[in-house]
Amino acid sequence: MQYLPNIIFVVLLIVGIGFFVKNVSRLKRNIFLGKEASLTYNKPQRWKNMAKIALGQSKMVVRPIAGALHIIVYVGFVIINIEVLEIILDGIFGTHRMFAVLGPIYDFLIGSFEVLALLVIIAVVVFWIRRNVIKLKRFFKPEMEGWPKKDGNLILYIELVLMFLFLTMNGADYQLQQMGAEHYAAAGSFPISSFIAPLFEGMSISTLVLIERTAWWLHIAGILFFLNYLYYSKHLHILLAFPNTYYGKLTPKGQFRNLQSVTDEVKMMMDPDADPYAEPAEDAAVPDKFGASDVQDLSWVQLLNAYTCTECGRCTSECPANQTGKKLSPRKIMMDTRDRLEEVGKNIDANKGEFKDDGKQLLNDYITPEELWACTSCNACVEACPISIDPLSIIMDMRQYLVMEESAAPSDLNNMMGNIENNGAPWPFNQMDRLNWSKES
Amino acid sequence: MASELKVPTMAEFFASGTVPEVLFWVGCAGSFDDRAKKITKAFVKILNKANVSFAVLGTEESCTGDPAKRAGNEFLFQMQAVTNIEVLNAYEIKKIVTACPHCFNTIKNEYPGLGGNYEVVHHTQFLKDLLNDGRISMEGGNFKGKRITFHDPCYLGRANGVYEAPRDLIRKLDAELIEMKSCKQRGLCCGAGGAQMFKEPEKGDKDVNIERTEQALETKPEIIAAGCPFCNTMMTDGVKNKEKEDSVQVMDIAEMIATAEDL
């Protein structure tokens, strides 16, 4: 029976990680419902971007307060995870503080984890205040009502609880070490939790062991829970920010993709030898739909973008349309894309791997033409995103669908396009008058 | 003084068997819009003064297709692009300068994929090169010490990372350059991009150009400098809306230089 805790631990670990792996494979399946996009060129630049933007948080600090707080939480979680490795090994082998053999290095590690844990607690509290007391405008847009707001707070609560469990565990351990309890050899330094230890004074060794063990188990269980919470929340960015920045746009922001299917048609039209009445070849593929009306029409990178979005709203707060009260919010474009993709994924799961038409699509059921037509294509949202998400590309793809498949452009734009078609300018001026300015005084 | 403007066309160069140093892509606004035509002329005056061998396409120029593409009409865009590229390639054009950031962006970034490869520069970059090469000289004149704020065109700044050329030119005029609260990478759009110029805005609290004009007016400028004919229109309308047209001018940088040089 002495191995019971080890067995329970291993089972917990397998279930926790197994469930996570299952979610990751669902995530991957959904992302690759998107269209092919070849983004493997210029790998050195891609690695550099990932290192700078995701690992180095370079774009977070554009807003210094949020940026600094975020870096604390980010560094805290990354580094404290070294401790998680020890916890996992201890759990499997039934040891206690296995890395203590590192001696002074261990003392330094545990000491810095504790300082970071405190800093994380402070940062998370400030984040909570920004969301719930100061009520920063960008967290109170219509798309943030309900679950997104709750989700944001829930993540902060989980992080807070995890840090408190970590410090409680250490504090009890420290007290036990002071008391010379069996299995609790002096190891580690406890610059923060030694202040909690006085709370434990006068408690018996068995009570303290119970507290220490409870905190230990809840901490690791909490981490496994959090890992599995990611898929159901906006918090996937802690993982997806890395591939997302890797596959981010490398070309100038103003360069929009030229549609190959259109190029093929235009080339054929311009080819004097082409037979305009030719029957399509028997084996000719069905022509691509122009633009996007649903998630499957988007590229897999755009879908990866959608899952990566953590709803911080920097894009929306920089958007000129949103700032002047229009319905468009780039963050909502990303959230809608993700929500629709989740819906499509569930539909596929429920129908044995086949998508059954549910009479819905991204356009109209989630994103309205009014939002799409409010965009000035100014790239402020793209510039603002700290992890290289491109809401503008989705807006443009959906405009293409509206115009080329539905002929549903606003009438002013139809006039403009008619002018270009007829006289080579967006206004009704004759092309032959193009040089008149040079003769006017 | 129309007679003073020398505006040779590519066709004329071709007929004489010579090649100009650069093609000036005038753009639709620069050709037809009354306000933008003044920018075009100011730029030509500078080119003439500096003895730059340039040409325009004149009646052979057509819309780049930018507004069509941003409106979602990829088909119309590519038809325009392919037609323009045929003309440009037939004349073996190597370098293009334009005073319109939309034309600049489209020709520079979206034409290469369709067979049009040219060196494309914005007129502020071109003017800065002329200055660096000593082909024009600039003294502040009536701009000396004036409070000037520069509105970054989205398709020049964020879209293509050109922030300094226009600012360097303003500084050269001995003017006091004051930045708005959102500028450069975080500059606010004037509201005209993405084909908005050609349609009514969606329902909202205010128009984008008003918001941007308010930001500009916060700097208490005497001049709002622009580098795009569409921004120019939007900001001019904004200044009029705020009834500040008597104290605040909206000017393109080319116009400022031409004025300073008394051209």
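Every number in this text was worked out from the coordinates using simple rules, so none of it is lab data. From a predicted model like this one, the values you see are computed outputs, not experimental measurements. Because the Cβ atoms are built from the backbone with ideal geometry, glycine has one as well, and the counts that use them run over all protein chains shown.
Observations
- Rg over Rh, two decimals, segment B:161-263 (C-alpha only, Kirkwood Rh): 0.96
- Take each residue in A:424-433, count the other chain C-beta atoms within 10 Å of its C-beta, and the mean is 6.
- Calculated FRET efficiency for the pair residue B:176/residue A:122, C-beta based, R₀ 35 Å, to 0.05: 0.25
- Basic side chains Lys and Arg get +1 at the Cβ, acidic Asp and Glu get -1 at the Cβ, and with that the dipole of the protein assembly as shown about its Cα centre reaches some 1860 debye.
- Calculated on alpha-carbon atoms, Rg and Dmax of the protein assembly as shown in Å: 30.6, 104
- In sequence order, segment A:326-333 has phi-based couplings of 7, 5, 4, 9, x, 4, 5, 4 Hz under the Karplus curve 6.51 cos²θ - 1.76 cosθ + 1.60, θ = phi - 60°, and Gly or Pro positions carry x.
- No disulfide-compatible partner, judged by a Cβ distance under 4.7 Å, exists for the following cysteines of chain B: B:28, B:63, B:183.
- Taking chain A as a Gaussian network of alpha-carbon nodes connected by springs under 10 Å, the highest mean-square fluctuation of the residues A:384, A:172, A:408 belongs to A:408.
- Comparing A:178, A:45, A:260 in a Gaussian network model of chain A where C-alpha atoms under 10 Å apart are linked, the largest mean-square fluctuation is found at A:260.
- Dipole size of segment B:2-130 about its Cα centre, with +1 on Lys/Arg Cβ and -1 on Asp/Glu Cβ: approximately 500 debye, rounded to the nearest 20.
- Segment B:106-193: Cα Rg divided by the 2.2 N^0.38 Å rule of thumb: 1.24
- Computed over chain B, relative contact order equals 20 percent, with contacts defined as Cα pairs under 8 Å that lie 6+ residues apart.
- Directionally averaged projected area (segment A:311-441, Cα convex hull): 11.8 nm².
- Close amide-amide hydrogen proximity is noted between residue B:176 and B:145, B:146, B:147, B:148, each under 5 Å apart and 5 or more residues distant or on a separate chain (H modeled in the peptide plane; Pro and chain starts excluded).
- Each 10 Å bin from zero up to the one holding the largest Cα-Cα distance in segment B:79-149 carries the following percent of pairs: 18, 38, 24, 14, 6.
- Long pairs among A:234/A:289; B:49/B:128; A:326/B:220; B:144/B:172; B:37/B:184, criterion Cα-Cα beyond 21 Å: A:234/A:289; A:326/B:220; B:37/B:184
- Exposure proxy ranking, count of Cβ atoms within 10 Å, fewest first, for A:3, A:231: A:3, A:231
- More than 17 Å apart - percent of Cα-Cα pairs taken over segment A:214-331: 76
- Length-normalised contact order for segment A:118-220 - Cα pairs under 8 Å, 6+ apart - percent: 29
- Volume of the convex hull of chain B (Cα atoms only), normalised per residue: 125 Å³.
- Relative exposure of A:232, A:401, judged by other C-beta atoms within 10 Å (fewest first): A:232, A:401
- Descending semi-axes in Å of segment B:2-130, equivalent ellipsoid built from Cα gyration tensor: 23, 17, 13
- Taking chain B as a Gaussian network of alpha-carbon nodes connected by springs under 10 Å, the highest mean-square fluctuation of the residues B:212, B:35, B:186 belongs to B:186.
- Seen from a random direction on average, the alpha-carbon convex hull of segment A:97-175 projects onto 6.6 square nanometres.
- Computed over segment A:1-140, Cα set: Rg, Dmax in Å: 20.3, 57
- FRET efficiency, residue B:89 to residue B:18 (Cβ-Cβ, R0 22 Å, nearest 0.05): 0.75
- Residue A:8-residue A:411 pseudo-label distance in nm [points 7 Å out on the Cα-to-Cβ vector]: 7.3
- Using C-alpha pairs under 8 Å with a sequence gap of at least 6, the mean separation divided by the residue count of chain A gives a relative contact order of 19 percent.
- Bridging of residue B:45 to aspartates and glutamates at a Cα separation below 12 Å is possible for B:4, B:255, B:261, B:262, once same-chain residues fewer than 8 apart are set aside.
- Between residue A:357 and residue A:249, the C-beta separation translates, for a Förster distance of 30 Å, into a calculated FRET efficiency of about 0.40.
- Count Lys and Arg as plus one, Asp and Glu as minus one, and take only other residues whose Cβ is under 13 Å from that of residue A:114; the net charge is then -3.
- For chain A, the Cys residues with no second cysteine's beta carbon closer than 4.7 Å are A:309, A:312, A:319, A:375, A:385.
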